[in-house]
Amino acid sequence: MPVEFLGIAATNDGSETTARSGAAFDKEYTLRLARAHEDHGWDRVLFAYGSGSPDPAPAAAYVAARLDRLQLLLAHRPNVSYPTYAAKTFATLDQISGGRLAVHFITGGNDHEQAREGDTLTKDERYARTREYIRIVKKIWTTHEPFDHEGEHYRFHDFVSDVFPVQQPRPDVSFGGSSPAAYAAGGAEADVYCLWGEPLERTAQQIQAVKAAAEAAGRTDVPRIQVAFRPIIAPTEELAWEKAHRTLGAIRQRRLAAPARHHRSGVTEAAAPQNTGSQRLIAIAEAGERYDRALWTPTAAATGGAGNSNALVGTPETVAQALLDYHDLGVDILSARGYDLLDDAVDFGRYVIPLVREEVAKRDAAREAARSAASPVRPVAAVRA
């Protein structure tokens, strides 16, 4: 089973450990980071979405027009635009990039963050809206005749787009979440289902939940699985763990230096997260700091389970073997993002990606050889007869 690597297409050099040094959209840094991924073996980068952050769609177009190979994953929240408009935007970006676009749909796990842009639906309502939205976008991408839509959240009549994706029949759709509602929505609609890095046993359980949801939706296929980590690598195990603890200290120091903002309700940014994925990360961290070969949870605990925050710590060889453990579970897209975005992207690409690719190729070749050896060979005379 082939393996792919997803990195991050940040628009500035800020991270959980370091304040950004320039503007929110630093176009020179954006291109430099994307080029580092393209030059060091990564397959794709994610253009993330935040309510106050630079718009990821024009940032993706900017990179697509300047790089030739790197694939693009565009994060999109359905509440920010009508699906007819979004489908045309995505198709145009696929044209600009020559067929290198995929779209990651975000339902939203924090009511306050959603409300910042006028979204007042409940979590379950948001999942229902996302499912409807994805279906509409897929239909627009693949339908060349005008059609009407009368749904729970969207209604329009006689619509047909004049711009279509390069990719046929359409670009991939990815989706993430760890609640039953998320599994149901993503299991039904996603080509790729995205998970945050958890211990192997829990990840296997989530993969089964996604497969069950896909089967319940009547699918004959299942979404590909993506899992995300924060790698912390160094030439020796001792140096890697020293780096990990320095990173943790920097995360804590940065959070202390930037006190949580108070919402009108009186709840702060540091309050217990609403989304199931973050709740799971916090529970895992409370149960233990180290799991399996290299999974380390204090970084997740220090950020309150904020997004992709569990680390893999060790030498490149150790981290590569840990990633292969997830690949053995059926994970074929490995998402990774360091705390020093640029240098870590280069180091991971130089020292970890080749190890994983080489071992996956060996395993695939061995499986193919075993299948060939097990296939019965019919005698020549029998074939002629």
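The values are calculated or read from the model by the stated rules, or taken from the named source; none is laboratory data. Owing to the predicted nature of the structure, the values given are computational and were not obtained by experimental measurement. We place every Cβ from the backbone using ideal geometry, glycine too, and count neighbours over all the protein chains shown. Surface areas here come from the heavy atoms of the whole protein model, side chains and all, with no ligands, DNA or RNA. Shrake-Rupley method; radii C 1.70, N 1.55, O 1.52, S 1.80 Å.
Summary of computed values
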| read-out | value |
| --- | --- |
| Inter-label distance, nm, simple model (7 Å from Cα along the C-beta direction), ALA306/TYR82 | 3.6 |
| Pairs of Cα atoms farther than 30 Å apart, the chain, % | 41 |
| Highest-first arrangement of 73-83, 47-57, where packing means the average Cβ count within 10 Å | 73-83, 47-57 |
| Within the accessible area of the chain (1.4 Å probe), percent carbon and sulfur | 51 |
| Percent of beta bridges antiparallel (DSSP, the stretch 37-138, rounded to nearest 5) | 0 |
| Cross-link reach list, lysines versus LYS138, counting only Cα pairs under 26 Å and skipping chain neighbours closer than eight places | LYS88, LYS123, LYS211 |
| Two-site label geometry, HIS149 and ARG135: point separation in nm, points 7 Å out along Cα→Cβ | 1.0 |
| Only Lys, Arg (+1) and Asp, Glu (-1) charged, at Cβ; the stretch 3-140 dipole about Cα centre in debye | 440 |
| Size of electric dipole in the stretch 58-213: Cβ of Lys, Arg +1 and of Asp, Glu -1, about Cα centre, debye, nearest 20 | 360 |
| Exposure ranking of THR122, THR203 by accessible area [1.4 Å probe, largest first] | THR122, THR203 |
| Cα gyration tensor shape of the stretch 32-136, rounded if a/c is under 1.5, else prolate or oblate by comparing a/b with b/c | prolate |
| Peptides ranked, highest mean first, by Cβ atoms within 10 Å: ranges 102-115, 154-167 | 102-115, 154-167 |
| Dipole of the stretch 328-370, positive direction: furthest Cα of ALA345, VAL360, LEU334, with charges on the beta-carbon | VAL360 |
| Dipole of the stretch 9-139 [Lys/Arg +1, Asp/Glu -1 at C-beta], most positive-end residue of ALA75, ALA87, LEU121 | ALA87 |
| DSSP-defined antiparallel bridges as percent of all bridges, the stretch 60-216, nearest 5 | 20 |
| Efficiency of FRET between ALA287 and ALA204 - r from beta-carbon atoms, R0 25 angstrom, step 0.05 | 0.90 |
| Three-way shape call for the stretch 108-266 based on the alpha-carbon gyration tensor, with the a/c threshold at 1.5 | prolate |
| Value at 222 nm in deg cm²/dmol, rounded to 500, when DSSP H runs of n ≥ 4 in the chain each add -39,500 (n - 2.57) | -14500 deg cm²/dmol |
| Among 365-375, 324-334, the order from most to least packed when residues are scored by Cβ within 10 Å on average | 324-334, 365-375 |
| Net dipole in debye of the chain [+1 Lys, Arg Cβ; -1 Asp, Glu Cβ; about Cα centre; nearest 20] | 180 |
| J(HN,Hα) series, the stretch 184-190, from Karplus relation 6.51 cos²θ - 1.76 cosθ + 1.60, nearest Hz, glycine and proline x | 5, 5, x, x, 7, 10, 7 |
| Reciprocal of mean inverse Cα separation for the stretch 1-85 (Kirkwood radius, Å) | 13.7 |
| Fraction of beta bridges assigned by DSSP in the chain that are antiparallel (%, nearest 5) | 20 |
| Computed E for ARG350/VAL166 - FRET, C-beta separation, R0 30 angstrom, nearest 0.05 | 0.45 |
| Simple spin-label estimate for ASP55 and GLU125 in nanometres, 7 Å along Cα-Cβ | 2.6 |
| 19 Å Cα-Cα reach of LYS362 towards aspartates and glutamates, excluding residues that sit fewer than 8 places from it in its own chain | GLU4, GLU317, ASP325, ASP328, ASP332 |
| HN-Hα J in Hz across the stretch 247-258 - Karplus 6.51, -1.76, 1.60, θ = phi - 60°, x for Gly and Pro | 4, 4, x, 5, 4, 5, 5, 5, 5, 5, 6, 10 |
| Farthest toward positive dipole pole in the chain [+1 Lys/Arg, -1 Asp/Glu at C-beta], among GLN167, SER375, THR18 | SER375 |
| Compactness of the stretch 112-155 as Cα Rg over 2.2 N^0.38 Å, two decimals | 1.38 |
